[in-house]
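J.: The following block contains the structure, expressed as structure tokens.
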Amino acid sequence: MSGLLRQAGQWLNPPFLISLAMLAIVWEFAGRSADILTLPPLSAVLAAFVRLWSSGVLTAPLLDSTIALLTGLAISLFVGSAVGIAIGLSRVADVALGPFIKAGLSAPMIAFVPVFMMIFGIGSETRIATVIAFSIFVVATNAATAVRSTDPALLEMARSFGAGRWRILGEIRLPAGAPYFLAGLRLGVARGIKGLINGEVLIAIMGMGGLVKKYGTVFSMDQLYAVILLIVLYAAIWVGAVTLLGRLVLTERRK
Amino acid sequence: MNANATPAIAVQDVSKFFVSADGRRTRALDKVNLAVERGEFVSIIGPSGCGKTTMLKMVGGILDWDEGSISVMGAPVSGPGPERATVFQSFALLPWMTVLDNAAFGLKMRGETKAARHAKARNLLETVGLADFANAYPGELSGGMQQRVGLARALAVSPNVLLMDEPFSAIDAQTRLILQTELLDVWSQTDLSVLFITHAMDEAVFLSDRVVIMGARPGHVTDVIDIDLPRPRTEETRRDPRFVELTARVWDRLRGLMTDERAGAPS
């Protein structure tokens, strides 16, 4: 619990609150003074947010997007970790699959969304595929590093007590690599959310990205900003929660 | 000691080659012969690069050799085995496990139930004076305490042969002296045979029945010195003129190797 409070405290410190307040003030005045169509005042955006939220318009897309995100992430974690572990353990797997993982890590995955649309159609499968494409490579890379970076002294110790290859994986490599797995999870979640919104904006009819497209097309700027605000908060909360989970797991096991 | 029994460790004419990156074969160990009788405490000392740790790993079954034979308790070595346990220089404790689970790790690898291995591990933590730290994590302990856990983990599997790879070299000098005495206390209550690698001459003399001196390039046995100091050895032993004399003799031999090494080193 004290860890949770400290984590929350990081966001409630005076310098951050001051810069947040200044941003809000500049936004509000810029939106009021100039007659800029593309920048409504913050108060109007917040009003739109409250209006949308209480009318329930946001609830269905939020849930819908979350289910797609979790489905994609689950597949990424499962398959990405398995491939990463294989690459980390086996020279052959590394040579055979490593280049694809490296390419996938740096390639602009958004270019694949039209392909996914052709394959899966305008449906949830397309954005799930986008979530996977955005997140799976970073999960695999970190999983490979996790099992590869084990202290050789620990491996030698386990072997001397008769542990075989699989026992060493389960007892030594995986637990020793936990910080890397958690880093992969954190980066995977962040990239997965990017993929989710990217996919939804392109698909245009579902989830939070669909709302961005909908309000953007009709120049409903206050509602557009309200949805963008929601997406930024949504991503921050997810990444924060995973970071926190990682810290709790790691401090729990090595005081 | 049973004179009729085969030695606890028998190393015969063992050679080992390393292949360097440019494909050249270098002889790392040259026809090493070594025997540790049952219940005997033998140390290997030598300059760095003489292959003493390589030797220990081969006896432990985690490193192959190229020529010769190694057997432990009369059986040829073909991998790690339940009759051997190793104590490591870097302690090699698992930081995510409690002291108790670390001490029980070897038993876990041997498939013992949780209750059985915890009971044995608790016993050995008691033996090494760490009963109160069973639920602590290694990171909370001093180096000396961590190596006591390493010793408990090795003893927990009830080995016949204890292999110790410079176990006290990462520990401060005062604590090291205390651990040496504790190790002899524990050993004297068992019939363990010990092969102990060290680079500290006083440590080798204080602990051992025999000190094996190895030279480098390639690694080979140059001398074996019998340590006829009476047991049990105590703090008094360190002031015994015979202890001082034997330590000086080990140093004489080692110093000879160091000068040989300097003279023979490629410039």
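J.: For segment A:98-112, which positions are open to solvent by 70 Å² or more (accessible area, probe 1.4 Å) and in a helix (DSSP H, G or I)?
T.: Correct list: A:Pro99, A:Phe100, A:Lys102, A:Ser106, A:Ile110, A:Phe112.
J.: Just to check your reading of the model, which residue among B:Leu254, B:Leu184, B:Leu195 is under 29 Å from B:Phe18 (Cα atoms), at pLDDT 95 or above and out of contact with any His (no Cβ under 7 Å at 6 or more places or on another chain)?
T.: The conditions single out B:Leu195.
J.: Restrict the check to segment B:174-189 and report whether at least one residue is in contact with a strand residue (DSSP E or B) (Cβ under 7 Å, 6 or more places away or on another chain) and under 28 Å from B:Glu236 (Cβ atoms).
T.: Checked segment B:174-189: at least one residue is in contact with a strand residue (DSSP E or B) (Cβ under 7 Å, 6 or more places away or on another chain) and under 28 Å from B:Glu236 (Cβ atoms).
J.: Return the residue satisfying two criteria in turn: it lies in segment B:150-166 and is under 13 Å from the mean Cα position of the chain (by Cα) and farther than 25 Å from B:Ala75 by Cβ, and of such residues it is nearest to the other protein chains (Cβ to nearest Cβ).
T.: Checking each candidate, the answer is B:Gly150.
J.: Moving on. Got at least one residue in segment A:210-222 being of a type in the set (A, V, I, L, M) and surrounded by fewer than 14 Cβ atoms within 10 Å (Cβ to Cβ)?
T.: yes
J.: Moving on. Anything in segment A:156-170 that is within 10 Å of chain B (Cβ to nearest Cβ) and open to solvent by 30 Å² or more (accessible area, probe 1.4 Å)? List them, or say none.
T.: Matches in segment A:156-170: A:Glu156, A:Arg159, A:Gly162, A:Gly164, A:Arg167.
J.: Starting from segment A:78-103, keep only residues that are polar (S, T, N, Q), then list their pairs with residues that are open to solvent by less than 40 Å² (accessible area, probe 1.4 Å) whose Cβ atoms are within a distance under 9 Å, requiring at least 6 positions of separation or different chains.
T.: That search, which allows pairs on different chains as well, returns A:Ser81/A:Val139; A:Ser81/A:Ala140; A:Ser81/A:Asn142; A:Ser81/A:Ala143; A:Ser81/A:Ala146; A:Ser81/A:Gly184.
J.: Any residue in segment A:8-36 that's within 17 Å of A:Met221 (Cα to Cα) and loosely packed, with under 11 Cβ neighbours inside 10 Å: show its pairings with residues that are of a type in the set (Asp, Glu) and at pLDDT 90 or above at Cβ separation under 7 Å, as long as the two are six or more apart or on different chains.
T.: Going by the 7 Å Cβ cut-off, there are no qualifying pairs.
J.: Can you tell me which residue in segment B:137-146 is nearest to B:Leu183 (Cα to Cα), limited to those that are within 10 Å of another protein chain (Cβ to nearest Cβ) and touching a residue at least 24 places away in the same chain (Cβ under 8 Å)?
T.: B:Pro138
J.: May I pose another question? Condition (residue is on the phi > 0 side of the Ramachandran plot and modelled with pLDDT of 95 or more) applied to segment B:74-93: is it met by at least one residue?
T.: yes
J.: Additional query: Restricting to segment B:24-73, name every residue that is in a strand (DSSP E or B) and within 14 Å of another protein chain (Cβ to nearest Cβ).
T.: Across segment B:24-73, the qualifying residue is only B:Val72.
Conditions (1) in contact with a Ser or Thr (Cβ under 6 Å, 6 or more places away or on another chain); (2) within 14 Å of another protein chain (Cβ to nearest Cβ); (3) assigned to a helix (DSSP H, G or I); (4) closer than 24 Å to A:Pro179 by Cα, marked per residue:
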| site | (1), (2), (3), (4) |
| --- | --- |
| B:Leu94 | no, yes, no, yes |
| B:Asp101 | no, yes, yes, yes |
| B:Leu124 | no, no, yes, no |
| B:Arg148 | no, no, yes, no |
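J.: Whether any residue in segment A:141-148 is away from every other protein chain (no Cβ under 14 Å), in a helix (DSSP H, G or I), open to solvent by 10 Å² or more (accessible area, probe 1.4 Å) and of a type in the set (D, E, K, R) is what I want to check.
T.: Yes, that holds for at least one residue.
J.: Do we find that A:Leu62 is modelled with pLDDT of 95 or more, among the hydrophobic types (A, V, I, L, M, F, W, C), within 30 Å of A:Gly184 (Cβ to Cβ) and surrounded by 13 or more Cβ atoms within 10 Å (Cβ to Cβ) in this structure?
T.: The answer is no for A:Leu62.
J.: With under 14 Å from B:Val14 (Cα atoms), open to solvent by less than 10 Å² (accessible area, probe 1.4 Å) and of a type outside the set (Gly, Ala, Ser) as the only criterion, which of B:Val77, B:Val59, B:Val36 stands out?
T.: After applying the criteria, what remains is B:Val59.
J.: Taking A:Ile122 and the conditions (1) in contact (Cβ under 8 Å) with a residue 60 or more places away in the chain; (2) open to solvent by 30 Å² or more (accessible area, probe 1.4 Å); (3) outside any loop (DSSP other than H, G, I, E, B), which numbered condition does it fall short on, given that it satisfies the others?
T.: Unmet condition: (3).
J.: Let me spell it out: the conditions are (1) surrounded by fewer than 23 Cβ atoms within 10 Å (Cβ to Cβ); (2) at pLDDT below 95, and A:Arg127 meets all of them except one. Which number is the exception?
T.: (1)
J.: Still on this structure, I have one more. Take B:Gly129 and tell me if it is open to solvent by 10 Å² or more (accessible area, probe 1.4 Å), more than 14 Å from every other protein chain (Cβ to nearest Cβ) and in a loop (DSSP other than H, G, I, E, B).
T.: Yes: the conditions hold for B:Gly129.
J.: Quick one: in segment B:83-92, which of the residues that are at the interface with chain A (Cβ under 7 Å from one of its Cβ atoms) and assigned to a loop (DSSP other than H, G, I, E, B) is surrounded by the fewest Cβ atoms within 10 Å (Cβ to Cβ)?
T.: This residue is B:Ser90.
J.: Scanning segment B:172-196 for residues that are β-branched (Val, Ile, Thr) and surrounded by fewer than 19 Cβ atoms within 10 Å (Cβ to Cβ), which turns out nearest to B:Ser71 (Cα to Cα)?
T.: Looking at residues that are β-branched (Val, Ile, Thr) and surrounded by fewer than 19 Cβ atoms within 10 Å (Cβ to Cβ), I get B:Thr190.
J.: Please enumerate the residues belonging to segment A:171-189 that are open to solvent by 10 Å² or more (accessible area, probe 1.4 Å) and within 8 Å of chain B (Cβ to nearest Cβ).
T.: Selection gives A:Glu171, A:Pro175, A:Ala176, A:Ala178.
J.: Is segment A:197-207 home to any residue that is open to solvent by 50 Å² or more (accessible area, probe 1.4 Å), more than 14 Å from chain B (Cβ to nearest Cβ) and assigned to a loop (DSSP other than H, G, I, E, B)?
T.: yes
J.: A follow-up question, please. Say whether the condition of being polar (S, T, N, Q), in a loop (DSSP other than H, G, I, E, B) and closer than 19 Å to B:Ser48 by Cα is met by at least one residue in segment B:157-170.
T.: Yes, segment B:157-170 contains a residue that is polar (S, T, N, Q), in a loop (DSSP other than H, G, I, E, B) and closer than 19 Å to B:Ser48 by Cα.
J.: Which of (1) within 14 Å of the chain's Cα centre (by Cα); (2) open to solvent by 10 Å² or more (accessible area, probe 1.4 Å) does B:Trp96 not meet, given it meets every other one?
T.: Here B:Trp96 clears every test but (1).
The values are calculated or read from the model by the stated rules, or taken from the named source; none is laboratory data. Note that the structure is a prediction, hence the values are computed from the model and not measured. Glycine also receives a Cβ, built like all others from the backbone with ideal geometry; neighbour counts cover every protein chain displayed. Just so you know, the surface numbers come from the protein's heavy atoms only, side chains and all, with ligands and any DNA or RNA stripped out. Shrake-Rupley method; radii C 1.70, N 1.55, O 1.52, S 1.80 Å.
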